[in-house]
Amino acid sequence: MKKPLLSLFLGIFMCLTSQAQENYFFPGETFDPNVPSPSEFLGYKIGDWHTRYDLIVKYFEKLDELSEMASLKTIGYTHELRPKIILTIASKANMANLEEIRLTQLQLADPSQPKPDVSSMPSIIHQGYGVHGNEPSSAEAAMLTAYWLLASQSDLAKNLRDNAVVHFDPTVNPDGRDRHSHWANTNKGFPPVADPMDREHNEVWPGGRTNHYWFDLNRDWLPLAHPESQAKIAWYHTWYPNVTTDFHEMGTNSTYFFEPTKPYGSENPVVPRKNYDDINTRFAKYFSKYLDEIGSLYWTKEVFDNSYPGYGSTYPDIHGGLGLVFEQASSRGHLQSSQRGDISFEFTIRNHVRSSLATMEAALDNKDFMHDYLREFFETAVSEGAKDPAKNYVFGDEFDENRNRMFVQFLMDHQIKVYENTDDLSLGGYDFKKGKSWVVPTSQPQYRMVRTMFEEVTEFADSVFYDASTWTMAHAYGMPYAAGPSVKLGEQVTNNTPTPYEFPEGKAYAYLIDWSDYYAPKNAF
């Protein structure tokens with residue numbers, strides 16, 4: 001056989017093989033044969049095994065290697081030193097112009113800057129998966145969705161590549177995912193065992209939900225206690241995505257949940273009603289359409305809430321975007337019986353793939369609307385902050401320098417503007433000394449995050465909460481603070497570093513440590 005014919009034959013064979021392997025997820029689709037499907041790359045059909053995180057990273061590295069439309073970036077590392085990655089997919093033209101696109105998006109989110117022409121701007125979509133490690137279907141869906149976006153020859157995929165920049169975070173919690181994947185794979189039955197009492201479906205404590213230190217990272221977008229969240233938030237503020245997804249799993253006997261969440265009383269008090277009453281409704285129509293097409297059952301509005309700012313689906317709502325939570329009934333293994341029959345791992349993955357595609361189509365169709373909303377969000381933040389009776393929040397601990405600096409840095413990590421206090425002030429029963437206290441004005445683009453840090457919300461329309469009902473971070477730091485009138489602002493803080501003790505060199509029998517300092521226990525032990 002001549003070489004050109006052989007190449008043609010092999011190309012057609014590879015294309016058909018790829019399509020056959022992923023046909024369950026993308027029936028009838030045509031793909032670029034030069035881009036391997038996840039099944040081709042991994043050597044097993046998606047859903048047959050729980051994919052280890054290092055293999056997910058390797059697959060994304062392969063996409064980055066093969067295509068000019070894909071770019072992989074490491075944004076940080078977990079406690080167990082697994083890389084935190086973001087895969088970005090867009091057209092060649094947009095990839096070549098990516099930094100300008102990013103800066104224009106930041107300009108749109110800054111009301112002090114001229115508003116750019118939103119009609120010429122691509123939609124910025126952030127697909128986030130797997131914050132809970134033992135809710136594993138979403139990370140598999142991340143690989144499939146990235147493959148579809150990069151390789152599909154459909155009109156929708158081409159339109160998305162041309163008019164959107166899509167960022168994939170395949171696993172927010174890599175350490176927990178690998179802990180669960182190891183359990184599910186090593187306890188897998190041959191053939192699969194659907195009995196809920198089987199060992200595969202009942203992982204030992206502490207399970208894979210949490211990270212290395214057993215912390216639930218879906219509560220950490222606000223406190224930023226862990227490197228996974230710190231890296232994620234630092235990256236988030238370099239883009240301000242229009243839409244951010246947050247894929248989860250729930251009990252096996254449920255079906256599928258998408259937003260809106262439970263209305264009135266369960267929403268965060270600083271998020272504009274437009275987000276809940278208009279934008280969520282716009283997007284929900286796409287989710288129902290995509291799930292109807294494959295006959296998957298779903299529900300919405302009945303439970304879950306968006307109250308706590310530290311959720312992955314709420315934090316974006318407080319930054320001019322749309323945060324979306326999805327909940328899929330879990331197979332908690334490879335196959336498990338439920339009230340509606342056996343649920344396979346493959347089935348749970350497919351539902352999340354459908355919602356991923358629906359999200360991108362909805363974001364694209366509402367591109368200009370979401371860009372306009374991003375600018376409107378920050379403009380109204382400044383104007384509402386100017387009308388707030390509390391013109392400033394003053395804070396500071398006279399005796400604990402490092403506690404002060406930790407809190408200042410925390411506010412800055414959330415892009416809140418902080419200024420030096422230049423006068424001695426008495427407010428709210430506290431005395432704030434110049435040089436040892438700071439001022440946060442309310443009239444600033446991050447006004448709604450300022451409220452999140454300092455306001456004390458004690459009354460709610462709905463007494464039923466899924467989770468946290470309080471989050472005033474100034475109290476979490478034990479920080480003295482008070483709301484007050486306009487005060488003189490000193491220099492804006494731009495360089496702020498906590499300073500642990502440095503013990504003097506030379507021989508010593510003992511060291512005396514001032515126990516009022518935040519770092520005292522760390523240095524004593």
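Quick notes
- Boolean, R332 is within 26 Å of D216 (Cα to Cα) and among the basic types (K, R): yes
- Residue within the stretch 308-325 that is of a type in the set (D, E, K, R), surrounded by 22 or more Cβ atoms within 10 Å (Cβ to Cβ), at pLDDT 95 or above and in a strand (DSSP E or B) present: no
- Taken over the stretch 220-237, the residue count meeting the criterion of being touching a Phe, Trp or Tyr at 6+ places or on another chain (Cβ under 7 Å), outside any loop (DSSP other than H, G, I, E, B) and over 11 Å from G312 (Cβ atoms) is 1.
- Consider the stretch 234-286 and keep the residues that are among the acidic types (D, E) and within 25 Å of G133 (Cα to Cα). The one that is modelled with the lowest pLDDT is E259.
Results for (1) within 24 Å of T359 (Cβ to Cβ); (2) assigned to a helix (DSSP H, G or I); (3) free of Cβ contacts under 8 Å to residues at least 24 places away in the same chain, shown as yes or no for each residue.
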{"site": "D162", "(1), (2), (3)": "yes, yes, no"}
{"site": "D178", "(1), (2), (3)": "no, yes, no"}
{"site": "F190", "(1), (2), (3)": "no, no, yes"}
{"site": "G208", "(1), (2), (3)": "no, no, no"}
{"site": "N218", "(1), (2), (3)": "yes, yes, no"}
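- Within the stretch 418-442, the residues that satisfy the criterion of being buried (at least 18 other Cβ atoms within 10 Å of the Cβ) and not in a strand (DSSP E or B) are V418, S437, T442.
- Tally, over the stretch 48-92, of residues that are in a loop (DSSP other than H, G, I, E, B) and surrounded by 18 or more Cβ atoms within 10 Å (Cβ to Cβ): 8
- In the stretch 469-512, the qualifying residues are those that are modelled with pLDDT under 80 and β-branched (V, I, T), and the one that is nearest to T422 (Cα to Cα) is T497.
- Top-ranked residue in the stretch 347-381 [being of a type in the set (D, E, K, R) and over 15 Å from G320 (Cβ atoms); ranked as surrounded by the fewest Cβ atoms within 10 Å (Cβ to Cβ)]: D365
- Whenever a residue of the stretch 78-97 is in contact (Cβ under 8 Å) with a residue 40 or more places away in the chain and under 21 Å from L66 (Cα atoms), its partners that are buried (at least 21 other Cβ atoms within 10 Å of the Cβ) and of a type in the set (S, T, N, Q), lying with C-beta atoms within less than 9 angstrom and at least six residues away or across chains, give the pairs K84/T78; K84/T171; I85/T171.
- Per-region count, the stretch 184-200, residues surrounded by 21 or more Cβ atoms within 10 Å (Cβ to Cβ) and either farther than 15 Å from I343 by Cα or under 27 Å from the mean Cα position of the chain (by Cα) (or both): 1
- Of everything in the stretch 221-234 that is touching a Ser or Thr at 6+ places or on another chain (Cβ under 9 Å) and crowded, with 24+ Cβ neighbours inside 10 Å, the residue that is farthest from Y77 (Cα to Cα) is L222.
- Checked against (1) closer than 24 Å to V325 by Cβ; (2) at pLDDT 95 or above, S437 passes all but a single condition, namely (1).
- Output for the stretch 472-525, where each listed residue is under 23 Å from R451 (Cβ atoms), without any contact (Cβ under 8 Å) to a residue 40 or more places away in the chain and either in contact with a Cys (Cβ under 9 Å, 6 or more places away or on another chain) or surrounded by 14 or more Cβ atoms within 10 Å (Cβ to Cβ) (or both): T472
- Filter result for V457 (surrounded by 11 or more Cβ atoms within 10 Å (Cβ to Cβ) and at pLDDT below 85): yes
- When the stretch 69-128 is filtered for residues that are under 18 Å from the mean Cα position of the chain (by Cα) and among the hydroxyl-bearing types (S, T, Y), the ones remaining, listed by number, are T74, Y77, T78, T88, S123.
- Residue in the stretch 393-400 that is assigned by TED's automatic domain parsing to the domain that holds V487, touching a strand residue (DSSP E or B) at 6+ places or on another chain (Cβ under 6 Å), surrounded by fewer than 19 Cβ atoms within 10 Å (Cβ to Cβ) and not in a loop (DSSP other than H, G, I, E, B) present: no
The values are calculated or read from the model by the stated rules, or taken from the named source; none is laboratory data. All of these numbers come straight from a predicted model, not from anything done at the bench. Every residue, glycine among them, receives a Cβ derived from its backbone with ideal geometry; neighbour counts consider all protein chains shown.
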